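A quick write-up on the structure given underneath.
Derivation of every value follows stated rules applied to the coordinates shown; laboratory data play no part. Keep in mind that this is a model prediction, so the values were computed, not measured. Backbone-built Cβ (ideal geometry, glycine too); neighbour counts: all protein chains shown.
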Amino acid sequence: MFRKPLMAALTASLMLFNASAVSAADYPSKPIKVIVPNGAGGSTDIVSRLVAQAYTSELGTELAIVNMGGGGTSIGAMEAAGSNADGYTLLSTHEAFLTSSALGVNTMGPSSVRPIAQVAKEVIVLAVQKGSDMTSLDDFYAAAKKGHTGDSLNIGISPGAANHFFSLSVLSAIDHDVTFVPTGGGASTLKALMGGTINAGTFAVSESIEAIRSGDVVPVALFNDERHPDLPDTPTASESGYDINVGLHYVWYAPVETPDDVVSILAEAMTRTVSDDAFEKSLVERSITPAMMTGSELEEALGSRYAQVEELAIKYVVGQ
């Protein structure tokens, strides 16, 4: 899903051979533009700038972050994918790239880019209102099941965005009947939860940890393979018997025809960046999990994640 067919890739390699042989020798020789398909100040923008600051030293050139929001990340993502495949325009994004592609908003889709590296992961937590009767994942499912007694369970989402699909992933374990309330992204959904507009929502730990620590919202379950160090008392879904593992993965991409040797330079420099102890500490201090991945391992992981997103989109959003 994330690579072109073999013959197309071979043809592209032959066409780019001479140019890449010359350009890679002195790459990078000028500043690199990094498109962040979100507005300034959000989590993707913050992490991208944090990475770019350290990445600049490893690459030996400036990285200019360009915010290009809209269309559920599709506008910026398609701009990056359609740029010259010379390594001087990159894309920094997360699961929203997959969701917008599965919904057809990003008409170019995953095949228009190739991954350079995954740099970090946001662990997802299900949180409920302060004072809620839902104190476990089983309690949440009991309130969400089709045919449940009592009022409908209101869950805050941004329709079609990552938090919508995280909620669908959680709910896919049961035959559910809930009301999705269009509250927006993480910050506005958290505000709605604290204000009582909704009963529950899925959040990155980093965006909800302060509200959790203050007791304004209550964590119910984590959807990770292990507990989060900032929430040691919150169980994972697997501990409750549900195999659900989702997260917000920050991944850097290049246009699909970018030469292999240029991508290798970028990936190797990113590996050095993310592996630095000081950089890892800067992520952990923000409740973000370092999660470096490159090459075929990353391509396989992205392919699996996209297949899951497509399945949810077909089942719950766009239909067959």
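Some observations on this one:
- Residue among G241, G196, G215, G303 that is surrounded by fewer than 20 Cβ atoms within 10 Å (Cβ to Cβ) and under 19 Å from the mean Cα position of the chain (by Cα): G303
- Output for the stretch 86-122, where each listed residue is polar (S, T, N, Q) and under 14 Å from S74 (Cβ atoms): T93, T99, S100, S101, N106, T107, S112
- Check on I314, under 18 Å from Y55 (Cα atoms), touching a helix residue (DSSP H, G or I) at 6+ places or on another chain (Cβ under 9 Å) and assigned to a helix (DSSP H, G or I): no
- Residues located in the stretch 56-101, provided they are out of contact with any strand residue (DSSP E or B) (no Cβ under 6 Å at 6 or more places or on another chain), assigned to a helix (DSSP H, G or I) and hydroxyl-bearing (S, T, Y): S57, S74, T99, S100, S101
- Residue within the stretch 106-128 that is of a type in the set (S, T, N, Q), in contact (Cβ under 8 Å) with a residue 40 or more places away in the chain and surrounded by 24 or more Cβ atoms within 10 Å (Cβ to Cβ) present: no
- Scan of the stretch 199-234 for residues that are in contact with a Lys or Arg (Cβ under 7 Å, 6 or more places away or on another chain) and in a loop (DSSP other than H, G, I, E, B), ordered by number: G215, D216, T234
- Residues within the stretch 129-170 that are over 22 Å from G186 (Cα atoms) and either of a type outside the set (S, T, Y) or touching a residue at least 60 places away in the same chain (Cβ under 8 Å) (or both), tallied: 11
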